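Sharing a structure, written as structure tokens. Questions coming.
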Amino acid sequence: MVNYLIRRVGYALIMVVLVSFVSFAIIELPPGDFLTQKVEQLRARGDRSAEQQVETLRLRYGLDKPFLERYFNWASNFLRGDFGESFEFERPVSEILGARLGYTVILAIATTVLTWALAIPLGVYSAVKQYSPGDQAISVVSFIGLGMPGFLLALIIMYFAIIVFNLEVTGLFSPEFQDAPWSFAKVMDLLGHLWIPALISAVTGIGGLVRIMRGNLLDTLGQPFVEAARARGLKNRTVTWKHAVRIAINPLITILGSDVFPSIIVGSSLVAIVLNLPTIGPVFVDSLRKLDMYLAGTCIVFLTIMLLVGNLVADLLLAWVDPRIRLE
Amino acid sequence: MQINPSPTPTAQAPAGPATDTRETLIEVRDLKVEFNIRGGVVKAVDGLTFDIKRGQTVGIIGESGCGKSVTARAILRMIPKPGKITGGNILYHRRRRLAGHQTAPAETNVIDLTTVDPDGETIRQIRGGEIAMIFQEPMSSLTPVYTAGTHINEAVTLHRLLPVKTLGDQMADKIMQYRHVTREEARDIAVQMLRRVGIPKPEQRVDSYPHQLSGGQRQRVMIAIALSTEPAMLIADEPTTALDVSIEAQILDIMRDLQRTANMAIMFITHNLGVIASMADEIVVMYMGKQVERAGVVDLFYNPKHPYTKALLQSVPKLGPKTGQRLASIEGMVPDPLHLPTGCVFHPRCPAFMPGKCDQIVPRWAEAAPNHWARCLLYEE
């Protein structure tokens, strides 16, 4: 078991290094760099000293150095906890991400809890009452959720919230709490705003999960051990939950790992952009567009780490719940 | 561990094909089960009538799809979805023990299983507790994430009752009081049951997961689960079909042994004539949902009446000197269950086919010889 863990962590480290290098290289690929964009902007404004300013910045950020040297500088500083500086914000990357990390985590947890708390019972109901009107309704809604992108749903909800109900749905705080110090009222305000993005992400996430849960459970309900459990005189509810759902839910654990952990870093960026949420997602998308490489690179590395951690946690969880795949 | 005294002295009558002195446990009367599927109605069981007595083994034989398994599931009210009981009765002579109540052992009441709620409390007490079932697929009949012990505990804590005290010893019938088992007792029972079905090192095996057991061991665990509640009847639905022959023999030995000690009835479903000959007292032969013959085992094997039974018996390969003859097989194919032949369903394949009769007249269920019933026009006037 310990050997297995060490091996998995070892592979994960190699993977992180490879991903960081490749992503760094890919961000470099488009012609020019952040400063060429900046020069264009300054020129357009008619700023004469643009060239000179840019030269000093180029020296400051080390953009004149060759690619490999820059990568190694960044990577070795990364290990010391210095993720570099964002060109765009002219502040350390750690500061920018740190400020947004808390909200991203809260949103990710809220979304996950909501998604799973809704998806599993709905999927189970759908399978147990196959072809009933309830099942049909759930299927229709989950296909809509599967088919509709989250940002579109966000736009629709925003429209109705603002035009019909006169509600404020963007952001995570009301304006009066935006810069206020933390207090009970501010937490309540956060909770009041949190449910909308959480619900939007949940609706789009539920669709797939409901279908997977339904399909798995239908397969499992046809298994001989379910009939055998019924023949022992167990209640239908016990048979369904203790014997069938217990088996059918296993594949979802893998999804949990590869889905939830990365969303702690980036989440659903497009929904966040539409709803103007102070999470990492919008910053990440923006940094890619603006070739803000240290910010983008840091996001990607953390995303990779989270995905790897998520997979490892999912595998360990799976081994915990299913004796068949436990390592002897 | 104390084992409950066997109910009444009459139940221990000597086993034999023609003993009718034992008390009736199950009476199936003109049972009909239909599956309403897209192409029409399949009569999976059509007019089945037989009795099972306490301690008796009744074999049900027939080809795949003849309605054997559906019959078993009808008794437990577990017919898979589009299937429905559309006629007949299943009378169960229930003699039960109740936790916390005082029960005289001979108290028997008759309930019709076709009318009970298939999800209700009554049938759930009967399932596993009074009528237990073991299945064809031992490899997948245990839930993969629970140990053998967990499975047995589940049945035992639901159904098994232990005697607390005996009241009125002087009376003709002892009045017993029972209670449910505790968690520790359930585990003891689990270990004890695993030992009884011949699983080595039961104290360790009780904590084994299904994937750590072989197919034969899993079927032994299934038998241990079924018998741990001391049921009045065991339904064995092709329990050895998926096992190899040496394991099959061991499993059958265990079942015979346990039946003798527990005075339990067995409804043994199989298509293996060799197995049924060694197990059953009485045999019901089914073909396309209909019962074509019923007789004691010796009578049936030495003096079969129905042409289908005769053909079935001839198609069993025999050991012995080479005769040069080809192995007999039954002519033709099993008919489409949606379009059954008119008259006797077996007439297109029957060697004794009488044109103008068999394809027009539906044969009645009639006694062809004393205590030997058949559904064939050869035995009708």
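If a residue counts only when it is in contact with a Pro (Cβ under 6 Å, 6 or more places away or on another chain), which helices (runs of 4 or more DSSP H) contained entirely in segment A:195-278 have at least 2 such residues?
Numbers: elements: A:224-231, A:250-265, A:269-275.
Filter on segment A:195-278 gives A:269-275.
Somewhere in segment A:252-274, is a residue within 14 Å of chain B (Cβ to nearest Cβ) and under 20 Å from the mean Cα position of the chain (by Cα)?
If we filter segment A:252-274 for residues that are within 14 Å of chain B (Cβ to nearest Cβ), which is where we start, we get A:253.
From what's left, under 20 Å from the mean Cα position of the chain (by Cα): A:253.
Yes; the residues of segment A:252-274 include at least one that is within 14 Å of chain B (Cβ to nearest Cβ) and under 20 Å from the mean Cα position of the chain (by Cα).
On the basis of being more than 23 Å from residue B:295 (Cβ to Cβ), in contact with a Ser or Thr (Cβ under 9 Å, 6 or more places away or on another chain) and either touching a residue at least 12 places away in the same chain (Cβ under 8 Å) or away from chain A (no Cβ under 14 Å) (or both), does residue B:77 make the cut?
yes
Yes/no matrix, rows are residues, columns are (1) surrounded by fewer than 18 Cβ atoms within 10 Å (Cβ to Cβ); (2) closer than 20 Å to residue A:16 by Cβ; (3) in contact with a Lys or Arg (Cβ under 8 Å, 6 or more places away or on another chain); (4) not hydrophobic (A, V, I, L, M, F, W, C):
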| site | (1), (2), (3), (4) |
| --- | --- |
| A:55 | yes, no, no, yes |
| A:82 | yes, yes, no, yes |
| A:90 | yes, no, no, yes |
| A:95 | yes, no, no, yes |
| A:100 | no, no, no, yes |
| A:103 | no, no, no, yes |
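Conditions (1) away from every other protein chain (no Cβ under 14 Å); (2) crowded, with 21+ Cβ neighbours inside 10 Å; (3) under 21 Å from residue A:107 (Cα atoms), marked per residue:
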residue: A:191; (1), (2), (3): yes, no, yes
residue: A:209; (1), (2), (3): yes, yes, yes
residue: A:224; (1), (2), (3): no, no, no
residue: A:228; (1), (2), (3): no, yes, no
residue: A:233; (1), (2), (3): no, yes, no
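Inside segment B:1-96, counting only strands (runs of 3 or more DSSP E) that do not spill past its ends, which hold 3 or more residues that are modelled with pLDDT of 90 or more and of a type in the set (Ser, Thr, Tyr)? Let's see the steps before the verdict.
Numbers: elements: B:24-37, B:40-53, B:57-61, B:83-94.
Here the list is empty.
Which of the residues belonging to segment B:123-146 are part of a loop (DSSP other than H, G, I, E, B) and either more than 7 Å from chain A (Cβ to nearest Cβ) or among the charged types (D, E, K, R) (or both)? Even if it seems obvious, please write down each step before you answer.
Keep residues of segment B:123-146 that are part of a loop (DSSP other than H, G, I, E, B), which gives B:128-130, B:135-137, B:141-146.
Across segment B:123-146, the qualifying residues are B:130, B:136, B:137, B:146.
Can you find a residue that is within 14 Å of chain B (Cβ to nearest Cβ), in contact (Cβ under 8 Å) with a residue 60 or more places away in the chain, surrounded by fewer than 18 Cβ atoms within 10 Å (Cβ to Cβ) and out of contact with any strand residue (DSSP E or B) (no Cβ under 9 Å at 6 or more places or on another chain) anywhere in segment A:289-306?
Taking segment A:289-306 first, the residues within 14 Å of chain B (Cβ to nearest Cβ) are none.
For segment A:289-306, residues within 14 Å of chain B (Cβ to nearest Cβ), in contact (Cβ under 8 Å) with a residue 60 or more places away in the chain, surrounded by fewer than 18 Cβ atoms within 10 Å (Cβ to Cβ) and out of contact with any strand residue (DSSP E or B) (no Cβ under 9 Å at 6 or more places or on another chain): absent.
Does residue B:289 count as within 26 Å of residue B:57 (Cβ to Cβ), in contact (Cβ under 8 Å) with a residue 12 or more places away in the chain and surrounded by fewer than 21 Cβ atoms within 10 Å (Cβ to Cβ)? Spell out how you get there, then give the answer.
Working: within 26 Å of residue B:57 (Cβ to Cβ): yes; in contact (Cβ under 8 Å) with a residue 12 or more places away in the chain: yes; surrounded by fewer than 21 Cβ atoms within 10 Å (Cβ to Cβ): no.
Here the answer is no, as residue B:289 does not meet what is asked.
Quick check on this structure: which one of A:179, A:189 is modelled with pLDDT of 80 or more and among the charged types (D, E, K, R)? Outline the logic, then answer.
On the way: A:179 fails: modelled with pLDDT of 80 or more.
Result of the check over A:179, A:189: A:189.
Which count do you get for residues in segment A:31-53 that are more than 35 Å from the chain's Cα centre (by Cα) and in a helix (DSSP H, G or I)?
So the first thing to find is which residues in segment A:31-53 are more than 35 Å from the chain's Cα centre (by Cα), and the list is A:42-53.
From what's left, in a helix (DSSP H, G or I): A:42-44, A:50-53.
The qualifying residues number 7.
Here is a further query. With B:304, B:317, B:337 as the choices, which residue is free of Cβ contacts under 8 Å to residues at least 12 places away in the same chain, buried (at least 18 other Cβ atoms within 10 Å of the Cβ) and assigned to a loop (DSSP other than H, G, I, E, B)? If you could, list the steps in order and put the result at the bottom.
Working: B:317 fails: buried (at least 18 other Cβ atoms within 10 Å of the Cβ); B:337 fails: free of Cβ contacts under 8 Å to residues at least 12 places away in the same chain.
Just a single option satisfies the conditions, and that option is B:304.
Just to be sure, is residue A:229 over 26 Å from the mean Cα position of the chain (by Cα), closer than 30 Å to residue A:161 by Cα and not acidic (Asp, Glu)? Before the answer, list the steps.
On the way: over 26 Å from the mean Cα position of the chain (by Cα): yes; closer than 30 Å to residue A:161 by Cα: no; not acidic (Asp, Glu): yes.
Judged against the criteria, residue A:229 is not a match.
The values are calculated or read from the model by the stated rules, or taken from the named source; none is laboratory data. As the structure is a computational prediction, the values presented were derived from the model and not from experiment. For neighbour counting, all protein chains shown are included, and Cβ atoms are generated from backbone atoms with ideal geometry for every residue, glycine included.
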